[in-house]
Every structure is written in structure tokens, then in C-alpha cells.
Amino acid sequence: MSLRPALRPAVRTAACAALFLLAAAPAAPASADPFETVTVDPTGYIAPDGTVTLSGTYRCLGSAGPVFVSSSVAQNSPNVRHGIGGTRAVCDGMEHRWENTGTTSADKLEPGTANVEATLMELNAQGGLPLPRFHAAQREDVTLTES
């Protein structure tokens, strides 16, 4: 299915606006509701090939769209973050575990102290465009240990 040429600029503008909203999201810690939480375990794991595993817990209640726990890690430079996977969340009011795994270049991260950010975010369709709704976010210093 192809969009009519007249609609393409509008769709492109809407997609750029959504990306801008994601980039302009408030820095952690932030929470839409004090009941909704996300935590980060104090230890993460890094394999020799650069595979990183991060984990923690989350709790949320109610959602209109899909909800995910995303995570990122920074080390040596707070301005350079590496995305480490995403886990589908269940917003039933109960506390659940999350675990994300992702691979970075083997020379980008190393065992030691790192800063991890976990975000509990819903993709909520408004006017046909999926926009982010943040349920909770948390930033913690962790220890990356060789696995």
C-alpha cells in the first residue's frame, strides 16, 4: 500500500514529531504515578563479545497500548548511551522481573561501574500515531561483571 504523494510530507512530519518527543522526554527518575515503578539490579553482566545483560523489577497498572521496559547503559562518557534490549511489560499492578540483553562492540563497554537507565514506556496511539507515555524511569550506577 502506497501513500498518496500529498500525504507523505504529513506522515514524515508526524514521524519526526514522535521521534522528537521520545528524545525530549524528561530525564530519569520520573514516574507518571507513584504506584508505577521500575528498578535496576545493582549488578549487570558483560560477555567477552560485548553482550550485556541488565535486569530489575517493574510495576504498572493499566495501559491502552503495548508497554515495554527498555534499558541503556553508559560508561566513561555520560553522553554516550548504548541501548540494551527491551522487554514487553504486563501492567496488572503486580511486581514483575525484567531482563534485557543486547550486544555492543566488544571495545565499547568493560567490566566495572556503569550507569544504567531503565524506562517503562507505553506506545499509546493518538490520532493513529503511536506516542510515548512514560509510566516510570530509573537511573542507577551498577557494576558490570564478566559473565
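Every read-out reported here was derived from the displayed coordinates using simple, explicitly stated rules and does not represent laboratory data. Note that the structure is predicted; figures quoted are calculated from it, not measured. Neighbour counts are summed over all protein chains in view; Cβ atoms, including those assigned to glycine, are modelled from backbone coordinates with ideal geometry.
Numbers at a glance
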{"item": "Within region 92-121, GluC sites (Glu not before Pro) in DSSP loop having at most 15 other beta-carbon neighbours inside 10 Å", "result": "Glu95"}
{"item": "Formal net charge of residues neighbouring Cys91 (Cβ-Cβ distance under 9 Å; K, R +1; D, E -1)", "result": "-2"}
{"item": "In sequence order, calculated HN-Hα J values of region 127-142 (Karplus, 6.51, -1.76, 1.60; Hz; x Gly/Pro)", "result": "x, x, 10, x, 10, x, 10, 8, 8, 6, 8, 8, 10, 9, 7, 10"}
{"item": "Proxy reagent accessibility, fewest Cβ within 10 Å first, across Val142, Val69, Val80", "result": "Val80, Val142, Val69"}
{"item": "Inter-centroid distance (Cα atoms) of region 73-96 relative to region 112-147, Å", "result": "4"}
{"item": "Sequence of Val40, Val116 once ranked by neighbouring C-beta atoms within 10 Å, starting from the fewest", "result": "Val40, Val116"}
{"item": "Sorted by Cβ neighbour density within 10 Å, fewest at the top, the residues His96, His82", "result": "His96, His82"}
{"item": "Residues Ser147 and Gln126, FRET efficiency given R0 of 41 Å [Cβ-Cβ distance, rounded to 0.05]", "result": "0.50"}
{"item": "Fully extended contour minus Cα-Cα distance, from Asn115 to Arg97, at 0.36 nm per residue", "result": "4.5 nm"}
{"item": "Placed amide H near Ala136: partners under 5 Å, 5+ positions off or other chain", "result": "Ala32, Leu120"}
